[in-house]
1. Which ³J(HN,Hα) values in Hz, rounded to whole numbers, follow from the phi angles of the range 389-403 under the Karplus curve 6.51 cos²θ - 1.76 cosθ + 1.60, where θ = phi - 60° and Gly and Pro get x?
2. Quick one: what does P(r) look like for the range 322-393 with 10 Å bins over all Cα pairs, in whole %?
3. Considering only Cα-Cα distances, which of the following residue pairs are longer than 23 Å: Lys117/Lys160; Lys113/Lys281; Lys61/Lys160?
4. Just the Cα atoms of the range 75-114, one point each, no solvent: what log10 I(q)/I(0) does Debye give at q = 0.15, 0.33 Å⁻¹?
5. If Rh is defined by the Kirkwood formula over all Cα pairs and Rg also comes from Cα, what ratio Rg/Rh do you get for the range 267-357?
6. Taking other Cβ within 10 Å of each residue's Cβ, how do Ile456, Ile169 sort, fewest first?
7. Where q = 0.09, 0.17, 0.22, 0.23 Å⁻¹, what log10 of I(q)/I(0) comes from the Debye formula for the range 338-453, counting one point per Cα?
8. Rank these for me by crowding, Cys384, Cys311, Cys295, going from fewest to most other beta carbons within 10 Å.
Amino acid sequence: MALGKKETSSMLKIFGNSGSPLCGGVSRRDFLKIGGLAFGGLSLPQLLRAEQLAGIRKSHKAVIMIYLVGAPPHLDMFDLKMDAPLEIRGPHRPTRTNVPGIQISEHMPRCAKIMDKLVPIRTLYGSPNGDHGSFICYTGRQVEKQPPGGWPSLGAALSKLGGPIDPAIPAFAGFAPTVGNPAYCSPGDPGFLGANHSAFRPNGPGMEDLPLNSITLDRLADRHALLTRFDTFRRDTDRSGVIEGFDTFQQQAFNILTSSKLIEALDISKEPAAVRERYGKGDPENYGDGAPRNCEHFLIARRLVEAGARCVTLNFGQWDFHRDNHSELLTHLPLFDQAMSALVQDLHERGLDRDVAVVAWGEFGRSPQINSNAGRDHWPQGGCALLAGGGMKTGQVIGATDRLGGEIVDRGVHFGEVFATLYHQLGLDPNRITLPDLAGRPHYLVDGWQPMPELISG
C-alpha cells in the first residue's frame with residue numbers, strides 16, 4: 001500500500017512505532033488519519049459510531065418497558081407519608097422490604113421481598129402539563145416541538161440501530177390493545193424512523209394471520225418470489241421511500257411466516273405450570289377506557305426478549321383514579337405486584353438480569369390532596385418509577401419529596417436521565433450517536449441528559 005504524494009492539510013496523522021511498517025516506515029497498525037477521506041470516507045466520529053452500532057448488533061441486550069396507563073399514585077406505592085394528615089396519606093400503610101430503610105405499599109408484598117433487585121424512583125418529572133398519554137414514557141421527550149416525522153420511541157430506535165437479532169423475531173414488540181381513550185393505545189411510535197420500525201403488536205388484529213393454515217411453505221415462497229418480481233418496476237421508479245418500507249414489511253412478514261420461533265415465543269403453554277402460576281393470569285379484558293391488567297403479558301415479554309426482541313413495551317391497567325383511588329388500588333396493585341416481581345425473579349433465575357432492563361412508570365404522579373371523590377388528580381410536579389435488571393445497581397431508592405409528597409426536595413430524576421441510562425447500559429452512547437429526522441437533521445438519542453451515576457456499575 002503506497003502513500004499518495006499529496007495529502008490535504010486538514011487531515012491529522014498519528015504515527016506509532018509498533019506493528020509491521022508501511023512504505024516510508026509508518027506502522028500499518030498505528031497509522032490513523034482523521035478527515036473526510038480517511039478509512040473509505042469515514043471520519044473518526046463516524047468510525048466510533050460504527051463501532052458502537054456493531055457492538056449492539058452483536059449483543060442480546062434488551063428493555064422491557066411497562067406503561068402504567070393513566071399515571072399511578074406515587075404516594076400510595078413508593079412514597080407513603082405516614083406523618084402527613086389523613087387527607088394526604090390515605091388509608092394504605094407501608095410495609096418493610098428486604099432492604100433496611102426502604103418501605104413500599106403494603107399491597108406490594110412480593111416486590112418488598114425482592115427490593116434488593118429493584119430501584120424505586122420517588123422524584124420522576126418531565127411532563128410539563130399533566131396531559132395523558134404514553135409519549136413521554138416511550139420517548140423520554142415532550143410531545144411539543146417535535147422534529148419532522150416526530151420523535152421515535154426507544155423501541156423504534158433500538159430497531160433502527162440494532163436491527164433484528166433473529167429474522168423471525170421482531171426487534172420491537174408492543175402490547176397496546178385498542179382502548180376507549182386514544183391516548184392509551186400506543187406501544188411507542190416509530191416517529192421519523194419510519195413505519196418499518198413500528199412495534200409488532202402480539203395482541204393486534206394480525207395475530208390470526210400468523211399460522212400458515214392450508215398453504216405450504218413452497219407455495220408461500222413462490223408467492224413471495226412472484227410478488228418481489230411484480231414490485232420491481234415500482235421499486236425502480238419510486239423515489240419517495242414508500243416502496244422501500246413495503247419491501248421491509250414484506251420481508252419481515254415472510255421471515256415470521258416461514259419460522260415457528262415467534263409463535264413459540266408467544267405460546268406460554270410451553271412454560272412450566274409453576275412459572276405460569278408465579279406470574280398469574282390477571283385480567284385480559286380492557287379496564288375501563290384503559291389497558292387490560294394482563295399478567296401473562298409480562299411472561300410473554302420475557303419470552304420475546306429471550307427469543308431475540310430488543311424492546312418489548314406493554315400497557316397495563318388504567319390508573320387515572322380521580323375517584324375511589326384507595327379501592328381501585330386494591331385490585332391494581334396486587335396484580336402489578338405479582339407480575340412485576342415474577343418477571344424480575346424470572347430474569348435473575350435465567351441469568352438475564354444483566355442484559356434485560358425493566359422499567360415501569362406512568363406519565364406523571366398524583367396529587368397529595370385527596371379530592372372530594374376519594375381520588376387523586378394529576379400531578380406533573382413529580383411521579384414514580386420502578387427499575388430492575390439491565391446491570392444497574394439495585395437495592396436502593398432514589399429521590400425524596402417533602403413532608404406532603406408534593407414537591408421534590410432531593411434528586412429529581414427526569415425521564416431523559418432514565419433513557420440515557422438505558423441506552424448506556426445497552427452499550428450506546430446517548431450523547432454521541434445520532435439519528436436523522438425526515439429533513440436530514442441529526443438528533444442525539446436524548447436531549448443532553450447523562451446516565452444516572454447512581455445506577456451505573458464501575
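Nothing in this text is a laboratory measurement; each read-out follows from the coordinates by a stated rule. No experiment lies behind these values; they were computed from the predicted model shown. Ideal geometry is used to build each Cβ from the backbone, glycine not excepted, and the neighbour counts take in all protein chains shown.
1. x, x, x, 7, 6, 10, x, 9, 10, 10, x, 8, 10, 6, 4
2. That works out to 18, 37, 28, 15, 2, in percent per bin.
3. Over 23 Å Cα-Cα: Lys117/Lys160.
4. Log10 of I(q)/I(0), two decimals: -0.31, -1.11.
5. Using Cα coordinates only, the ratio equals 1.00.
6. Ile456, Ile169
7. After summing over all Cα pairs, the log10 values are -0.34, -0.99, -1.22, -1.26.
8. Details: Cys384 28, Cys311 31, Cys295 24.
Exposure proxy ranking, most exposed first: Cys295, Cys384, Cys311.
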